[in-house]
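The values are calculated or read from the model by the stated rules, or taken from the named source; none is laboratory data. Worth saying up front: this structure is predicted, and the values here are computed from it rather than measured. With ideal geometry, Cβ positions are generated from the backbone for all residues, glycine too; neighbour counts draw on all protein chains shown.
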Ligand code: GLU
């Protein structure tokens, strides 16, 4: 059964990205951080984690906090001013989050990313590994764009899309965008009394996109347009998106107990399937691994590919790239993300796993292609 309410999605989620907009973090009256609100959200997140759900927190607010700290007005900021203010504000922001989570015994791991870290394959893999490792350690990744080094041409500028890319990076099943808007409306609710709130969006159609251009958040950089772009990115990765208001204390608890209003965007597929589609759809695998009959039979049964079954390696590739897997001299059977470079594989092909550290001189990963990173593409003849 597909969960079709925000409450059900959040209650069932295994890995959630929570994005908090600047408008929620900074008090518009005095420009100060809303510390009691942050403490309440920390408790909200701790409750989610206690349900066995992994959480990544994407927090905006560095520029707004830095501006307040240095008593500089919002209008007419040059890029270098905003970058310097982000550097100042980020320290305070992360400190305030750390203080909010400390009483709950939750350790934060701050990662500041630029567009390059998500668009360049190698950097994507490195960032992805860091995030996954933080989650495995039980820490809470705290993410923001590295505004101080991101230039005007190469920056996200809004954390909605950055958060959606984080969802892809860690294979999250839910992205929650908290801001001062409680979802998508058919028209502008502040000027049109007939505006209807949309609780469920099954597909982002052109009509839905047209609705997005009407609601604009006050303090943040995104507005509804970037939220919709984020929902689209997340949907292609098999991740649902909730747009909800975070203005009241403990907004996640409000969503779970169904007292909070939200718009839920459904994905068409599951995250694991999205990953496999992406692997299968790679236009140009970077190399070919030829495997023996035993390994081909094992792949057909859903096993990982081990070095022992590897007969030949061709192509130039690094760890983390997609390769084609074939029978010796035969057709393609599968594609997968390889755990070793071509050079390493040439040294370890045919070896049993326990021999690998001896040959490479370092502790190695067990599978050449792990089954989670492998998709069968052949037309039979695995035996
Ligand atoms: N990265 C920006 C900051 O921390 C915020 C971007 C956004 O508002 O989405 O100030």
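Among the candidates 123, 155, the residue that is part of a loop (DSSP other than H, G, I, E, B) and closer than 30 Å to residue 84 by Cβ is uniquely 155. The residue of region 295-326 that is farthest from the chain's Cα centre (by Cα), among those that are farther than 15 Å from residue 367 by Cα and assigned to a helix (DSSP H, G or I), is 297.
Reported count of residues in region 330-376, each being assigned to a helix (DSSP H, G or I) and within 19 Å of residue 275 (Cβ to Cβ), is 3. Within region 167-197, the set of residues being assigned to a strand (DSSP E or B) and surrounded by 16 or more Cβ atoms within 10 Å (Cβ to Cβ) comprises 174, 175, 176, 177, 178, 179, 184, 185.
Here's the yes/no breakdown for (1) in contact with a helix residue (DSSP H, G or I) (Cβ under 9 Å, 6 or more places away or on another chain); (2) away from the ligand (no atom under 16 Å from the Cβ):
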| residue | (1), (2) |
| --- | --- |
| 111 | yes, no |
| 122 | no, yes |
| 135 | yes, yes |
| 140 | yes, yes |
| 146 | yes, no |
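Among the conditions (1) under 25 Å from the mean Cα position of the chain (by Cα); (2) assigned to a loop (DSSP other than H, G, I, E, B); (3) surrounded by 13 or more Cβ atoms within 10 Å (Cβ to Cβ), the only one that residue 162 does not satisfy is (2). Determine whether region 357-378 contains at least one residue that is over 31 Å from the mean Cα position of the chain (by Cα) and in contact (Cβ under 8 Å) with a residue 40 or more places away in the chain. Among the residues of region 357-378, not one is over 31 Å from the mean Cα position of the chain (by Cα) and in contact (Cβ under 8 Å) with a residue 40 or more places away in the chain, which makes the answer no. With respect to the conditions (1) over 22 Å from residue 91 (Cα atoms); (2) within 16 Å of the ligand (Cβ to nearest atom), residue 126 lacks only one, and its number is (2).
Within the option set 235, 231, 254, being more than 16 Å from the ligand (Cβ to nearest atom), within 27 Å of residue 61 (Cβ to Cβ), within 22 Å of the chain's Cα centre (by Cα) and not in a loop (DSSP other than H, G, I, E, B) holds for one residue only, 235. Can residue 67 be described as within 15 Å of the ligand (Cβ to nearest atom), over 19 Å from residue 13 (Cβ atoms), touching a helix residue (DSSP H, G or I) at 6+ places or on another chain (Cβ under 8 Å) and modelled with pLDDT under 95? Spelling it out, residue 67 is indeed within 15 Å of the ligand (Cβ to nearest atom), over 19 Å from residue 13 (Cβ atoms), touching a helix residue (DSSP H, G or I) at 6+ places or on another chain (Cβ under 8 Å) and modelled with pLDDT under 95.
Residue check: is residue 102 over 22 Å from the mean Cα position of the chain (by Cα), away from the ligand (no atom under 16 Å from the Cβ) and closer than 16 Å to residue 139 by Cα? Spell out the reasoning first.
On the way: over 22 Å from the mean Cα position of the chain (by Cα): yes; away from the ligand (no atom under 16 Å from the Cβ): yes; closer than 16 Å to residue 139 by Cα: yes.
Criteria met by residue 102.
The single condition from (1) out of contact with any helix residue (DSSP H, G or I) (no Cβ under 9 Å at 6 or more places or on another chain); (2) modelled with pLDDT of 90 or more that residue 240 fails is (1).
Restricting to region 262-276, what's the tally of residues that are more than 15 Å from residue 13 (Cβ to Cβ) and surrounded by 15 or more Cβ atoms within 10 Å (Cβ to Cβ)? Can you show your working first?
Here is the first cut: in region 262-276, the residues more than 15 Å from residue 13 (Cβ to Cβ) are 263, 268-269, 273-276.
From the residues that got through so far, the ones that are surrounded by 15 or more Cβ atoms within 10 Å (Cβ to Cβ) too are 263, 269, 274-276.
Qualifying residue count for the region: 5.
Only residues that are assigned to a loop (DSSP other than H, G, I, E, B) and within 14 Å of the ligand (Cβ to nearest atom) were counted in region 70-99, giving 3.
Would you say residue 285 is over 29 Å from residue 124 (Cβ atoms) and buried (at least 19 other Cβ atoms within 10 Å of the Cβ)? Break it down stepwise before answering.
Working: over 29 Å from residue 124 (Cβ atoms): no; buried (at least 19 other Cβ atoms within 10 Å of the Cβ): yes.
It is false that residue 285 is over 29 Å from residue 124 (Cβ atoms) and buried (at least 19 other Cβ atoms within 10 Å of the Cβ).
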